[in-house]
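Here's the structure, in C-alpha cells; my notes come after.
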Amino acid sequence: MDEELVSASEGRGHAVELRREAYTMALYVAICLLAALIALPDSPVTRGQVIGIIWGVTIGLAAAHWFAFRVSARLVGAGSIREHDIELGAAQLAGAAAVALLVSIPVLILPPSVELQFAEFELAAFIALVGYAVARRGGARQGRAIVYALAMLAVGVGIAALKNMLAGH
C-alpha cells in the first residue's frame, strides 16, 4: 500500500513538473512573440509574413531551448539523457507550439485590418490569464487575482518593450 501511495505521489509530481515546463515555455514564447509583433513596421505586412514571424520566432526559440536543454541534461546526467528529461523537453515544445497555434488562428481567419492587433491582444490576454490563474490557485480572491494578472501583464509587456528597445526596434 505504501508503495502505491509513493508511486501515485511521484506520478502527480511528474505531471505537475510537465505542466510547469509547458507553461514556462508558453509564457516565454508569448512574451517573445509579443515583442516581435509589436516591433513590426507600421507599413502593411501580409498574412504570410505574420504567420512566418509567428512560427519562425517560435521554432527558433524552441530549437535554441531544446538544444540548450539537451546539452544541460547531458551535463548534469553524466553524459546521458534520462527519459524524464525527454518528457520535460517534449512538454516545453508542446507549450511553445500551443501558443504559436493559438496566435495563428486569428491571423488566418480575421481580416488583415485587425489580425495583427488581435494577435497582440491574444498574447497579452494569455499572459494575464496565466497570472490570474496563478493568483487564484494561490488562494487569492477575484479582485486580488485581477490585480496580479494586470501586474503580470505589465511585466510581460514591459519585458517585450525592453527587448525591442535593446534590439533597436
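The values are calculated or read from the model by the stated rules, or taken from the named source; none is laboratory data. Treat the numbers as computed from the prediction; the structure is a model and nothing was measured. Note: ideal-geometry Cβ built from the backbone for every residue, glycine included; neighbour counts use all protein chains shown. Side chains are part of the model used for accessible areas, which takes the heavy atoms of the whole protein and leaves out ligands, DNA and RNA. Shrake-Rupley method; radii C 1.70, N 1.55, O 1.52, S 1.80 Å.
Quick notes
- Relative contact order (percent, whole number), the chain, Cα cutoff 8 Å, 6+ residue spacing: 30 percent
- Per residue, the chain exposes an accessible area of 61 Å² to a 1.4 Å probe, with every protein chain left in place.
- Positive dipole terminus of the stretch 81-165, leading residue within LEU88, ILE127, ILE146 (C-beta point charges): ILE146
- Computed magnitude of the charge dipole of the chain (debye, nearest 20; Cβ of K, R +1, Cβ of D, E -1): 440 debye
- Student exercise, the stretch 99-169 dipole from Lys, Arg, Asp, Glu Cβ charges, in Debye to nearest 20: 460 debye
- In summary, the convex hull built on the alpha carbon positions of the chain has an orientation-averaged projected area of 13.0 nm².
- For the listed peptides 92-100, 159-167, 128-136, a ranking on the average number of other beta carbons within 10 Å per residue, highest first, reads 92-100, 128-136, 159-167.
- Remark: relative contact order (the stretch 11-102) = 53 percent; criterion is Cα-Cα distance under 8 angstrom and separation of 6 or more residues.
- Entry note, the chain: the mean residue ellipticity at 222 nm calculated from DSSP H runs of n ≥ 4, each adding -39500 (n - 2.57), is -31000 deg cm²/dmol after division by the residues and rounding to the nearest 500.
- Charge context of ILE105, other residues only, Cβ under 11 angstrom, K/R +1, D/E -1: -2
- Expressed as a whole percent, the accessible surface of the chain that belongs to carbon and sulfur atoms is 68, based on a 1.4 Å probe.
- For the stretch 48-125, the spread of Cα positions along the three principal axes, ordered from largest to smallest, is 53, 19, 17 Å.
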